[in-house]
Structure formats: structure tokens, C-alpha cells
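Chemist: My questions will all concern the structure given below.
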């Protein structure tokens, strides 16, 4: 069990700014995100696209903004837990107990926190998965949502890659250009792929040489050994011609990108409106005491879905949490330009006074 003053759910720009504001107020925190690194929607959807409405930055990319925020929060030594999704939130003696599920091979974490901050943007970004019975029981053994390390075999490994964009095409090319003997099938709903021209040219050459088989269709059902533990043996594919292809395969790698979902959040008993959390805009407190929410996930009169609005909400929430955690320490507002305490927390040297 990890104990902390606060747990921040979401490592996008607004979640990172929440870490900064909490750190200035002397509140330690852990950060949980479903993605494999920081940045949230900025990193997942428009890492290289320009953003023009961040104060003081005439233009910055999503990745550039993420990197700048990560540098800014370095003094507070927040602990990050990537590739995990908070599944359960319960309260025991005014302490929130959170249980995370790992989206990879590691074990999920458990937290005990006095406050919780939901900065999940439009929802948790999770891999897009087909609705197939028995799929999730095979994740981490024969089904993968990221390119796995191949087992060492002398016989060819039969691999089916599901996806139609750059990462799926590049992974197929890496497989057929590697040293491991493989039989590669690329499955997509139609025989059209969104990838760079060089990658598409290489894919066409590999198809012509018989190194990869491209199948247009949708996965219909999985076949397994039926034993415990189950192993994948094949996939039935529904084609555009309404035929069913039975494909023998040892491994299914699903590379269909990421999509936002509310997920377990909808079961936490928080007041919602139009799939967003209702908060008090003066504190960004949710309907449940001790849980705050900021960013695109929240709704209140006059709400604007902008990053700068999320920065303001994170500030309001951090101060409200500080008042809740330390009600006897209320004092005048301090400024980083003049407060020695805040400068100490930031690890900066105060400028010498004029004489």
C-alpha cells in the first residue's frame, strides 16, 4: 500500500499542473495514468501539432508542453505510475483507498490517499480492442496491445497484426525484416492503410514477395486450446464479402490506437452530467468530499474546454485541498516572487535584496 497526501489520476498537462500547485503548497502526490508516459491527450493525439493558446508560449507542440511541465514539477519529486488504471475507490476512516489495474505485465498498485484529483481529460486513454469473447484472458500471453518480445523458436511463429495505421504497418515490416522466423498476417477492416509512403511501398513489396499476407475483414471469434491456461490457436475473420476465413495463429497483436473511455470512473458514485463530473467551480470539488476534478472531465456553468481553464481549475482544487488537509495553517496568499518558503520548495535561490 502506497500512502500519500494526494493521488492525481491523469498525467496530461492539467494533471501535471495539479502536481505543480500541490507541490507549491507542500502536498506530496502520486500520479497514475493509463498511458506509458506523460502528456495525456497532447501526447497521444497531437504530440507534434502546434498549440497557440498557452500563455507565454506563442507556439508549442503537445510534446513540447509536456516536457516543459515535467521540468517544472521536478523539484516536487512526484511518483508516476504509468500503464495503470484506477479500478476501485473506497473510503476508510477519511482516507481514500484506490486500487489500480495494470494494463501491462506488472502488478497494479494500491494507494491510501487523503485527497484524490481526477484529471482524466476526456477519459482514460486505453487501447482500442475488438469485442471478442475470451480476449482479455489471453492478454500478456498470446494477445498484446503493444509489440511484444518474440519467443525464441526455430519453427515460424504465426502472428496476426490487427490495425491499419503507421504503427501496425511498421511492426509488420520489423517482423519480416528481423531474424526470427515468422508467418505474418496483417488484418484490417479494408485493404487501405494510413502510413507513410515509404512504409506503404515496403509493405507492397513484401506482399508481392509473399512475406506478408494482408486480409481485409474483422475478427469474429477466437479459437483456443480450451485447456488451463488457454492458448490462442486461431481467429475466425468476417470478410467484406460475408465469407468467414479461419486463420491459424499463435499470437494476436492489436495495434488499433488509443481511445478515451470513462471506464470505472462512472461507478464511483460521483455526480455527473453529460458524461462529465459536476464540480463547484470555486474549489473544483466533486459531489464527494475529498475528491476533486479538473480539466475536460468537469462541467459547471461557463466551463470552457481549454488547457488554460484546466490550469486555473487545478490551482483552485489544490488550494481547496490544502485547506481541507491543513485547516489550522490558513494564512495570507504567498507568491513565488517573494516567498522564501515557495522558493525553497522550488529549489531556487532567492535574488539578493536591493541595498
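Chemist: Would you confirm whether any residue within region 328-335 is surrounded by fewer than 15 Cβ atoms within 10 Å (Cβ to Cβ), out of contact with any helix residue (DSSP H, G or I) (no Cβ under 8 Å at 6 or more places or on another chain) and closer than 22 Å to residue 42 by Cα?
Modeler: Taking every residue of region 328-335 in turn, none turns out to be surrounded by fewer than 15 Cβ atoms within 10 Å (Cβ to Cβ), out of contact with any helix residue (DSSP H, G or I) (no Cβ under 8 Å at 6 or more places or on another chain) and closer than 22 Å to residue 42 by Cα.
Chemist: Still on this model: All but one of (1) assigned to a strand (DSSP E or B); (2) surrounded by 13 or more Cβ atoms within 10 Å (Cβ to Cβ); (3) modelled with pLDDT under 95 hold for residue 292, so report the exception by its number.
Modeler: In the conditions (1) assigned to a strand (DSSP E or B); (2) surrounded by 13 or more Cβ atoms within 10 Å (Cβ to Cβ); (3) modelled with pLDDT under 95, residue 292 misses (3) alone.
Chemist: In the list 183, 230, which residue meets the criterion of being touching a residue at least 12 places away in the same chain (Cβ under 8 Å), at negative phi and assigned to a loop (DSSP other than H, G, I, E, B)?
Modeler: 230
Chemist: Shifting gears a bit: Kindly state which helices (runs of 4 or more DSSP H) lie completely within region 1-101 and contain at least 3 residues that are in contact with a strand residue (DSSP E or B) (Cβ under 6 Å, 6 or more places away or on another chain).
Modeler: 13-24
Chemist: So which residues in region 297-327 are buried (at least 18 other Cβ atoms within 10 Å of the Cβ), in contact with a helix residue (DSSP H, G or I) (Cβ under 7 Å, 6 or more places away or on another chain) and over 20 Å from residue 5 (Cβ atoms), if there are any at all?
Modeler: Selection gives 298, 307, 310, 311.
Chemist: Same structure again: Just give me the residues in region 313-355 being part of a helix (DSSP H, G or I), over 31 Å from the mean Cα position of the chain (by Cα) and modelled with pLDDT of 85 or more, in sequence order.
Modeler: 327, 328, 340, 341, 343, 344
Chemist: Between 277, 265, 270, which is in a strand (DSSP E or B) and at negative phi?
Modeler: Being in a strand (DSSP E or B) and at negative phi holds for just one of 277, 265, 270, which is 277.
Chemist: Something else about it: Starting from residues that are part of a loop (DSSP other than H, G, I, E, B) and touching a residue at least 24 places away in the same chain (Cβ under 8 Å), keep the ones in region 191-227 and report whichever is nearest to residue 162 (Cα to Cα).
Modeler: 217
Chemist: Also: Given the criterion surrounded by fewer than 22 Cβ atoms within 10 Å (Cβ to Cβ), more than 20 Å from the chain's Cα centre (by Cα) and either in the same structural domain as residue 268 (by TED's automatic domain parsing) or more than 14 Å from residue 116 (Cα to Cα) (or both), identify the matching residue among 22, 65, 57.
Modeler: Residue meeting the stated conditions: 57.
Chemist: Quick one: what pairs do we get from region 303-322, first residue under 22 Å from residue 62 (Cα atoms) and not assigned by TED's automatic domain parsing to the domain that holds residue 24, second buried (at least 18 other Cβ atoms within 10 Å of the Cβ) and at pLDDT 95 or above, C-beta under 8 Å, 6+ apart or different chains?
Modeler: Cβ pairs passing all conditions: none.
The values are calculated or read from the model by the stated rules, or taken from the named source; none is laboratory data. Every value quoted in this text rests on a predicted model; they were computed, and no experiment measured them. Note: ideal-geometry Cβ built from the backbone for every residue, glycine included; neighbour counts use all protein chains shown.
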